[in-house]
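Visitor: Encoded as C-alpha cells, here's the structure I'll be asking about.
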Amino acid sequence: MASDQNLVSDRRETMQQFMNSTFVTSSGCEIKSDRLREYIKVAYSVFDDSPKDDLERFMSLGELFHKRTENILIDSEELPLKQFINWCQHYQNSYNGSDNWFEASAINIDTYKTCPGYPAISWKSKGFSTIIDLLQEKFNDETEHLCIKDKVIFGKEVVKIYWSGDLAEVLCADNSRFQAQCVLSTVSLGVLKNVCNELFEPEIPEYKLDAIKNIGIGTVDKLFLKFPYKWWPDTTPGFSFLWSDDDREKFVKENKRRGWDYLCDVFGFYIVDNCPNTLLGWIVGPAARNMERKSIDEIKIGLVYLLNKFLGDKFTIPQPDLVTRSQWGTNSHFYGSYSFHSMNTDKEGNANSQLAKPLVNSTGKNILLFGGEATHSHYFSTVHGAIESGWREADRILEQFKE
C-alpha cells in the first residue's frame with residue numbers, strides 16, 4: 001500500500017553497512033588487515049546452512065559459530081580474533097533478538113523463513129507513524145463505512161481477561177469492563193512472560209504456559225544521534241567498535257560511578273537513510289535495558305565520550321543536536337523487542353503454534369485467541385509475521401461466526 005503511493009524505498013543496504021563499515025579498536029586504531037573483509041563474509045555466511053546433524057541441531061547459535069569457524073578464523077596482531085568474535089556475537093544478537101547467542105538455538109536457522117522480497121524497507125524521509133497517517137488519509141473513503149476509529153479505544157490498559165463463560169470479559173485498569181463473544185490477545189511475548197499468571201482467569205493451560213516460558217525474547221535497542229553537520233566521510237557507512245578485554249575492564253572501572261558499563265556493548269554507529277547528519281548506534285541484551293533506565297542527558301554525554309574514545313584522534317566530533325533511543329526492554333507493554341527460538345524451545349519448532357492455539361469455553365467455542373509475531377511458526381520476530389497472525393485469527397473468528 002505504501003509502495004503504491006511512492007512512500008517507501010524497497011532497498012536499504014543494512015547488511016552492507018555492517019560489512020563495509022570501518023572497524024576500530026578500543027585503542028583508536030583502524031583495522032586495515034586484508035583478512036578483515038574475508039572474515040566478515042565468513043561470519044555472515046556461518047548461519048546460511050542448516051544444522052548438518054543432530055549434534056549441530058542441539059547446539060546454540062554461539063556453539064555452532066565457534067564449531068564452524070574454529071579452523072577458518074585465525075588470531076593475528078592485525079586482527080584480534082577475540083575482539084572480532086565478540087563483535088560478531090553483538091551483531092548476531094541484534095539480528096536474532098537474543099540477549100546472547102548461547103541462549104538461541106540452532107533450530108532458528110531451519111524454523112525461521114525469509115519473507116519474499118527485500119527484507120529491509122526504508123520509509124524515505126518520513127517516519128512510520130507519518131506513513132500510517134498518510135495511508136489512512138489516502139484510503140479513508142474505502143474504510144469509512146467500517147467506522148474503524150470509532151471501534152478503537154486508546155488508553156485502556158487491560159489487567160484481566162475472564163474467558164471461561166459463555167461470554168468473555170475484559171477488565172481494564174480504570175475498572176471499566178467490556179464483554180465479548182471472543183477476545184483476541186496480541187500482546188508481546190514479553191508481557192505474557194511477566195503477567196500471564198495474573199492476566200487470565202482461569203489460568204491458561206500448561207502447554208501454553210510452557211510455550212510462553214520456552215520461546216525466547218531479548219532486547220535490541222537503537223540510539224540515534226543527530227549532529228549539526230556530517231563529520232564522517234561520504235565513503236564511510238559506519239563504524240564498528242572492537243573492545244579488548246583490558247580496555248573494557250579499565251573503562252568500566254574508571255567510569256563505575258557514572259554507570260557507563262553499558263557503553264561497552266554499543267557495538268557500532270551507522271548511517272541512517274534519508275537522515276544525512278544522523279548516526280544510529282546499536283545495543284543489545286542486559287546492557288540495553290541498563291541504558292533504557294538512564295536519562296537522555298546521561299546517554300548523550302556517554303555516547304559522545306564513547307565516539308571520542310574510538311574516533312577522536314581522527315575526527316573532530318561536534319555535540320549532537322538531538323539524541324533519542326528505543327526502550328523495548330523496560331516498557332511494560334512490551335518487555336522485549338521480538339521473539340526467537342531459545343535452547344528450551346522444542347526442537348521441532350512447535351512452540352509458536354502451541355502459543356497460537358485458541359482456547360475454547362464450555363460450549364466448545366473459541367473464546368480466547370492469540371496473535372502476534374511470537375505465534376507465527378516461521379515469520380516470528382517480524383512485522384509481517386505479526387500482520388499475518390492477525391489475518392489468521394480474523395479468518396478464524398469469521399469462520400466461527402459463519403456457523
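The values are calculated or read from the model by the stated rules, or taken from the named source; none is laboratory data. Since the structure is predicted, the reported quantities are computational estimates derived from the model, not experimental observations. In this analysis, Cβ positions are derived from the backbone assuming ideal geometry, glycine residues included, and neighbour counts consider all displayed protein chains. Surface accessibility is based on the protein's heavy atoms, side chains included, excluding ligands, DNA and RNA. Shrake-Rupley method; radii C 1.70, N 1.55, O 1.52, S 1.80 Å.
Visitor: Using modelled backbone amide H atoms (1.01 Å from N, in-plane), which distant-in-sequence or interchain residues come within less than 5 Å of Phe370's amide H?
Guide: Amide H to amide H, under 5 Å and 5 or more residues apart or across chains, Phe370 pairs with Ser185.
Visitor: Counting each pair of different Cα atoms once, what's the Kirkwood radius of the chain in Å, rounded to one decimal?
Guide: Working: mean 1/r = 0.0426 Å⁻¹.
Mean inverse Cα-Cα distance, inverted, gives 23.5 Å.
Visitor: The stretch 1-151: Rg/Rh from Cα coordinates, Kirkwood Rh?
Guide: On the way: Rg = 21.1 Å, Rh = 18.9 Å.
Radius of gyration over Kirkwood radius for the stretch 1-151 works out to 1.12.
Visitor: What number comes out for accessible area per residue over the chain if the probe is 1.4 Å? Units Å², please. Display every interim value, and only then the final one.
Guide: On the way: 21450 Å² over 403 residues.
Averaged over the residues of the chain, the accessible area is 53 Å².
Visitor: Cut-off 10 angstrom, C-alpha nodes, Gaussian network model of the chain. Which of Arg35, Arg289, Arg57 fluctuates the most?
Guide: Most flexible of the set in this elastic network: Arg35.
Visitor: About its Cα centre, what dipole magnitude does the chain give when the only charges are +1 on Lys and Arg Cβ and -1 on Asp and Glu Cβ, stated in debye to the nearest 20? Present the calculation step by step, with values, prior to reporting the outcome.
Guide: Numbers: 45 positive and 57 negative charges, 166 e Å.
Using only the charged Cβ atoms, the result is roughly 800 debye.
Visitor: Right, here's the next one. Looking at the chain, which longest stretch skips every one of the chymotrypsin sites (Phe, Trp or Tyr not before Pro) that is in a DSSP loop with at most 11 other Cβ atoms within 10 Å, leaving the sites themselves out? Can you show the working numbers first?
Guide: Numbers: sites that count: Phe154, Tyr229.
For chymotrypsin sites (Phe, Trp or Tyr not before Pro) (loop position, at most 11 other Cβ atoms within 10 Å), the longest site-free span of the chain is 230-403.
Visitor: Along the stretch 259-271, what does the Karplus equation 6.51 cos²θ - 1.76 cosθ + 1.60 (θ = phi - 60°) give for ³J(HN,Hα), rounded to whole Hz, x for Gly and Pro?
Guide: x, 8, 4, 5, 5, 5, 9, 7, 8, x, 10, 9, 5
Visitor: Working out 0.36 nm times the residue gap between Ile74 and Glu157, then minus their Cα-Cα distance, what length gain in nm do you get to one decimal? Each step should come with its number before you reach the end.
Guide: Details: separation 83, 0.36 × 83 = 29.88 nm, distance 5.32 nm.
Answer, rounded to one decimal: 24.6 nm.
Visitor: What's the whole-number percent of alpha carbon pairs in the stretch 245-403 lying beyond 19 angstrom? Write down the numbers at each step before the final one.
Guide: Working: 8534 of 12561 pairs.
Here the tail beyond 19 Å accounts for 68 percent of pairs.
Visitor: Tell me the label-point distance for the pair Tyr305, Tyr118, using the 7 Å Cα-to-Cβ offset, in nm and rounded to one decimal.
Guide: 4.0
Visitor: Ok, one more. Mind pulling the angle between the C-alpha long axis of helix 245-254 and the longest principal axis of the chain? Nearest 10 degrees, somewhere in 0 to 90.
Guide: Relative to the chain, helix 245-254 is tipped by roughly 80 degrees.
Visitor: How high is the relative contact order of the stretch 23-88? Use alpha-carbon pairs under 8 Å, at least six apart in sequence, and give a whole percent. Write down the numbers at each step before the final one.
Guide: Details: 27 pairs, mean separation 23.4, N = 66.
Relative contact order for the stretch 23-88 comes out at 35 percent.
Visitor: Another one. Let's test the formula: R0 of 45 Å, r as the Cβ-Cβ distance of Asp210 and Ser45. What FRET efficiency results, to the nearest 0.05? Mind showing how you got there, number by number?
Guide: Details: r = 34 Å, r/R0 = 0.76.
Rounded to the nearest 0.05, the efficiency is 0.85.
Visitor: With every protein chain left in place and a probe of 1.4 Å, what is the accessible surface of Arg177, to the nearest 10 Å²?
Guide: Answer for Arg177: close to 130 Å² accessible.
Visitor: Then there is this: From the gyration tensor of the Cα coordinates in the stretch 174-228, what semi-axes in whole Å does the equivalent ellipsoid have, largest first, with each one equal to sqrt(5λ)? Let's see the in-between values first.
Guide: Values: eigenvalues 195, 72, 17 Å².
Output for the stretch 174-228: semi-axes of 31, 19, 9 Å.
Visitor: Report in % the part of the accessible area of the chain that belongs to carbon and sulfur, leaving out ligands and nucleic acids; probe 1.4 Å. List each step's numbers first, then the result.
Guide: Working: 10810 of 21450 Å².
Taking all protein chains in place, the chain shows 50 percent carbon and sulfur surface.
Visitor: Between Arg35 and Asp313, take the C-beta separation as r, use R0 = 30 Å, and let me know the FRET efficiency to the nearest 0.05. Walk me through the numbers on the way to the answer.
Guide: Values: r = 24 Å, r/R0 = 0.78.
In this case the efficiency is close to 0.80.
Visitor: Measure out, as a whole number of angstrom, how far apart the alpha-carbon centroids of the stretch 292-308 and the stretch 203-227 sit.
Guide: 25
Visitor: Please compute the Cα-Cα pair-distance distribution of the stretch 82-228 with 5 Å bins starting at 0, giving whole percents from short to long.
Guide: Whole-percent P(r) values from 0 Å outward: 2, 6, 10, 13, 13, 14, 16, 15, 8, 3, 1, 0, 0.
Visitor: Using DSSP to define loop residues, name the trypsin sites (Lys or Arg not before Pro) in the stretch 360-403 whose beta-carbon has at most 15 other beta-carbon atoms within 10 Å.
Guide: Working: sites: Lys365, Arg392, Arg396, Lys402; in loops: Lys365.
For trypsin sites (Lys or Arg not before Pro) across the stretch 360-403 that sit outside H, G, I, E and B with at most 15 neighbouring Cβ atoms in 10 Å, the list reads Lys365.
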